[in-house]
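What follows is a set of notes on a single structure, which appears directly below.
The values are calculated or read from the model by the stated rules, or taken from the named source; none is laboratory data. Computed from a prediction, not measured in an experiment: that's the story for all the values here. So basically every Cβ, Gly included, is an ideal-geometry build from the backbone, and we count neighbours across all protein chains shown. Side chains included, ligands, DNA and RNA excluded: accessible areas come from the protein's heavy atoms. Shrake-Rupley method; radii C 1.70, N 1.55, O 1.52, S 1.80 Å.
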Amino acid sequence: ETPDSSSMKLSRRPELFDFEGVSMIHYFTDNWEKVKNFQARPDDILIATYPKAGTTWVSYILDLLYFGKNAPERQTSQPIYMRVPFLESCFQVIPSGTELADNLPTSPRLIKTHLPVQLVPKSFWEQNSRIVYVARNAKDNAVSYFHFDRMNMGEPEPGDWNTFLQKFLEGKNVFGPWFDHVSGWWEKKQTYSNLLYLFYEDLVEDTGREVERLCSFLGLSTSAEEREKITKGVQFDAMKQNKMTNYSTLPVMDFKISPFMRKGKVGDWKNHFTVAQNEQFDEVYKQKMKNTNVKFRTVI
Ligand code: A3P
């Protein structure tokens, strides 16, 4: 199932601008007063990621863990972006993230954000809400973001791969530099104990193990059988076929250009980077990451 491009509701690509030191587009700042003053609850679970790091994957896992058994109809009747509100977003095509979150009928609320840690509404810290952060290796993250920007009319025009890559290295893409994002959240983890920091590569390597890790962080007691069922249901092919998780219902994406569930692989960057681009990337990476302690198991 592909979204019909004639129903593409956002015709003009948004422009990037500086917002409190972070590159942003108006879809994520127009609602800022409400975002800033958002009232988090102690049982909220915030899923925080840099875009394209595995947000949808972890959102779906959490949704199944909490509601898979008790409210199975939720999974077949509502797309994931309605079940897990995207806090700062205010695309015209669906209600804003704060509105969706305020009106969620179920608890706990699962809420998604791409905000760098310093922009997260303060009530999350005050309420000591639990947070799951997902990081993905920089190169695959960049490739995935490039294809996403090509097909998503709600994103700035990416240009060709090299143009996009140069902007990525400068942090001139929506939500700012990847480097600051992953390391800012990593630093936060050192002082905020209700934060679980996951890696996309670990999820690919052993989804079941990461589901278990999530359960123990969230204090959920699920049977091995349930976890197995969830692990199977959240594999790439299953999510790609599933209309409620593959984003085919959101009319701002042109799947003829690239699907949302694109490849789901570790190491796809090798099909994109030239030798020169790779050397340049490694150089910038070394520079930008030299003062951080984030330990990517897969530094590729
Ligand atoms: P690719 O573009 O590399 O395929 P987000 O949800 O943060 O926007 O991230 C989207 C990326 O996660 C895409 O990466 C998508 O294919 C991948 N992804 C989503 N679900 C996945 C799954 N079940 N297994 C592996 N990768 C998944």
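Considered as a group, the residues in region 35-50 that are crowded, with 18+ Cβ neighbours inside 10 Å and farther than 15 Å from ARG109 by Cα include one that is farthest from the chain's Cα centre (by Cα), and that residue is VAL35.
Just so you know, in region 183-207 the residues that are charged (D, E, K, R) and over 18 Å from TYR50 (Cβ atoms) include one that is least open to solvent (accessible area, probe 1.4 Å), and it is ASP206. The lone criterion from (1) part of a helix (DSSP H, G or I); (2) within 16 Å of the ligand (Cβ to nearest atom); (3) open to solvent by less than 40 Å² (accessible area, probe 1.4 Å); (4) closer than 29 Å to LEU165 by Cα left unmet by VAL284 is number (2). Summed over region 65-93, the residues that are within 16 Å of the ligand (Cβ to nearest atom) and more than 17 Å from the chain's Cα centre (by Cα) give a count of 3. Looking only at residues in region 87-139 that are assigned to a loop (DSSP other than H, G, I, E, B) and among the β-branched types (Val, Ile, Thr), the one that is farthest from VAL284 (Cα to Cα) is THR106.
Looking at this structure, is LYS139 over 18 Å from the mean Cα position of the chain (by Cα) and either modelled with pLDDT of 95 or more or surrounded by fewer than 20 Cβ atoms within 10 Å (Cβ to Cβ) (or both)? Criteria not met by LYS139. Residue under question is VAL266, and the condition is that it be over 30 Å from LYS167 (Cα atoms), hydrophobic (A, V, I, L, M, F, W, C) and within 16 Å of the ligand (Cβ to nearest atom); does it hold? So VAL266 fails the test. Inside region 246-263, can you point out the residues that are open to solvent by 30 Å² or more (accessible area, probe 1.4 Å) and either among the polar types (S, T, N, Q) or within 20 Å of THR207 (Cβ to Cβ) (or both)? Of everything in region 246-263, those that are open to solvent by 30 Å² or more (accessible area, probe 1.4 Å) and either among the polar types (S, T, N, Q) or within 20 Å of THR207 (Cβ to Cβ) (or both) turn out to be THR249, PHE260, ARG262, LYS263. Here TRP161 clears all of (1) open to solvent by less than 40 Å² (accessible area, probe 1.4 Å); (2) over 19 Å from the mean Cα position of the chain (by Cα); (3) over 20 Å from ASP268 (Cα atoms) except the condition numbered (3). Considering region 208-245, and only residues there that are of a type in the set (Ser, Thr, Tyr) and surrounded by 14 or more Cβ atoms within 10 Å (Cβ to Cβ), the residue that is nearest to the ligand (Cβ to nearest atom) turns out to be THR245.
For region 94-122, enumerate the residues that are within 22 Å of THR191 (Cβ to Cβ) and either among the β-branched types (Val, Ile, Thr) or open to solvent by 20 Å² or more (accessible area, probe 1.4 Å) (or both). Of everything in region 94-122, those that are within 22 Å of THR191 (Cβ to Cβ) and either among the β-branched types (Val, Ile, Thr) or open to solvent by 20 Å² or more (accessible area, probe 1.4 Å) (or both) turn out to be ILE111, THR113, VAL117, GLN118, VAL120, LYS122.
Listed by first and then second residue, the pairs linking a residue in region 165-188 that is polar (S, T, N, Q) to a residue that is in a helix (DSSP H, G or I) and open to solvent by 40 Å² or more (accessible area, probe 1.4 Å), with Cβ atoms under 8 Å apart and 6 or more places separating them unless they lie on different chains, are ASN173/LYS167.
Does any residue of region 30-50 turn out to be part of a helix (DSSP H, G or I), touching a strand residue (DSSP E or B) at 6+ places or on another chain (Cβ under 7 Å) and within 14 Å of the ligand (Cβ to nearest atom)?
No, the conditions are met nowhere in region 30-50.
Taking residues in region 190-204 that are touching a residue at least 40 places away in the same chain (Cβ under 8 Å), and partners anywhere that are within 16 Å of the ligand (Cβ to nearest atom) and basic (Lys, Arg), the pairs with Cβ atoms closer than 6 Å and at least 6 places apart or on different chains are TYR200/ARG136.
Take LYS172 and tell me if it is among the basic types (Lys, Arg), open to solvent by 60 Å² or more (accessible area, probe 1.4 Å) and either farther than 20 Å from ASN137 by Cα or assigned to a helix (DSSP H, G or I) (or both).
no
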